[in-house]
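Notes follow once the structure below has been shown.
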Amino acid sequence: MNGPEIHIEVAPELALFVPHHRRAGATALATDGVSTLGHVVESLGVPLTEVGALLVDGGEVPVSHVPAAGESVTVRPVARPQHVPGAPLRFLLDVHLGTLARRLRLLGVDTAYESTDIGDPALATRSAAERRVMLSRDRGLLRRRELWAGAYIYSTQPDEQLRDVLDRFAPELRPWTRCTACNGPLRPATKEEVADRLEHGTQRSYDVFAQCGDCGRAYWKGAHHEQLEAIVREALSTRTRAG
């Protein structure tokens, strides 16, 4: 680009998206004189899903603003908790975030998940059709214009991923109300109703069950229940402290 030169500063929270020489303070950037500020920011590597306010010479401007020579631009991160238009708040996760999907469902958060790679266009289309927030570590996917809304998952560790999503969006938590396998609603069930889905040892050892209204999967307090309880406790305690 050989057009107007601006000075742009990216917030530390967004530094991982930009080249190293742009991570400390304002740096000069030549623009083409016609591209919007949103396009300029994306060309640096920052998905607009991660951008909160865009400031030009201290005043907030829309992503459609076309920068002029000499302007000083500040790129701020999304404010937390982030408000997403429309209700209820729902998520869509790509193939790489299966553990996060199951944990969100464990907490009762409406979470769709694609267990196969259906491609970015199909994911973006589903996000828009179902008005779901797309969660992904794929920056290219998050740049697709047809997305309803999106968010980058910064960590590769499920514990950190969950904490970040809960902190960023503050969804309503209703633990033990969704099937972790398919996202369907859970209802109390008798042992007789789920008997055909239980091994003999499970039938002898447990008396309290739930069943998914969509896929029919049976649930009980089995060997992994303490680990799941710990996830639920941490999420609820974090919400209490934040409140």
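Based on Cβ point charges of +1 for Lys and Arg and -1 for Asp and Glu, what charge dipole magnitude is obtained for the stretch 1-119 about its Cα centre, in debye rounded to the nearest 20? Before the final figure, lay out each step's value.
Details: 8 positive and 13 negative charges, 115 e Å.
For the stretch 1-119, the charge dipole is close to 560 debye.
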Distance from the stretch 1-37 to the stretch 147-200 (C-alpha centre basis), Å: 39
Sparse-neighbourhood loop sites, GluC sites (Glu not before Pro) in the stretch 126-181 - DSSP loop, at most 16 other Cβ within 10 angstrom: Glu146, Glu172
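Could you tell me what percent of the DSSP beta bridges with both partners in the stretch 107-241 are antiparallel, to the nearest 5?
On the way: 7 of 11 bridges.
So the antiparallel bridges in the stretch 107-241 amount to around 65 percent.
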With all protein chains modelled, accessible area of Thr238 [1.4 Å, Å²]: 50
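Residues of the stretch 84-136: accessible area per residue at 1.4 Å, in Å²? Present the calculation step by step, with values, prior to reporting the outcome.
Numbers: 2070 Å² over 53 residues.
Here the per-residue accessible area is 39 Å².
Exactly which trypsin sites (Lys or Arg not before Pro) in the stretch 91-177 are in a DSSP loop and have at most 10 other Cβ atoms within 10 Å? Before the final figure, lay out the partial values.
Details: sites: Arg102, Arg103, Arg105, Arg126, Arg131, Arg132, Arg137, Arg139, Arg143, Arg144, Arg145, Arg163, Arg168; in loops: Arg131, Arg132, Arg137, Arg143, Arg144, Arg145.
Sites meeting the loop and neighbour criteria: Arg145.
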Where only C-alpha atoms are counted, convex hull volume of the stretch 2-73 per residue in Å³: 79
Accessible area of the chain belonging to carbon and sulfur atoms, whole % at 1.4 Å probe: 50
Kirkwood Rh, Cα atoms: Rg over Rh of the stretch 19-142: 1.04
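In whole percent, what relative contact order does the stretch 42-81 give with Cα contacts below 8 Å and a gap of six or more residues? Present the calculation step by step, with values, prior to reporting the outcome.
On the way: 42 pairs, mean separation 18.2, N = 40.
Relative contact order comes out at 46 percent.
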The chain, helix-only ellipticity at 222 nm - DSSP H runs n ≥ 4, -39,500 (n - 2.57), divided by all residues, nearest 500: -8000 deg cm²/dmol
Extended-chain gain in nm, criterion 0.36 nm per residue less alpha-carbon gap, Glu172 and Val66: 34.3 nm
Against the rule of thumb 2.2 N^0.38 Å, how large the Cα Rg of the chain comes out: 1.25
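Normalised by the number of residues in the stretch 9-52, what is the relative contact order in percent for Cα pairs under 8 Å and 6+ residues apart? Please list the in-between numbers first.
On the way: 29 pairs, mean separation 16.9, N = 44.
Contact order relative to length: 38 percent.
Tell me, what is the percent relative contact order of the stretch 1-147, built from C-alpha pairs under 8 Å that lie six or more residues apart?
Values: 244 pairs, mean separation 31.4, N = 147.
After rounding, I find 21 percent.
The values are calculated or read from the model by the stated rules, or taken from the named source; none is laboratory data. These numbers were taken from a predicted model, which means no experiment stands behind them. When we count neighbours, we look across all protein chains shown, and the Cβ atoms used for this are built from the backbone with ideal geometry, even at glycine. Accessible surface areas use protein heavy atoms only, side chains included; no ligands, DNA or RNA. Shrake-Rupley method; radii C 1.70, N 1.55, O 1.52, S 1.80 Å.
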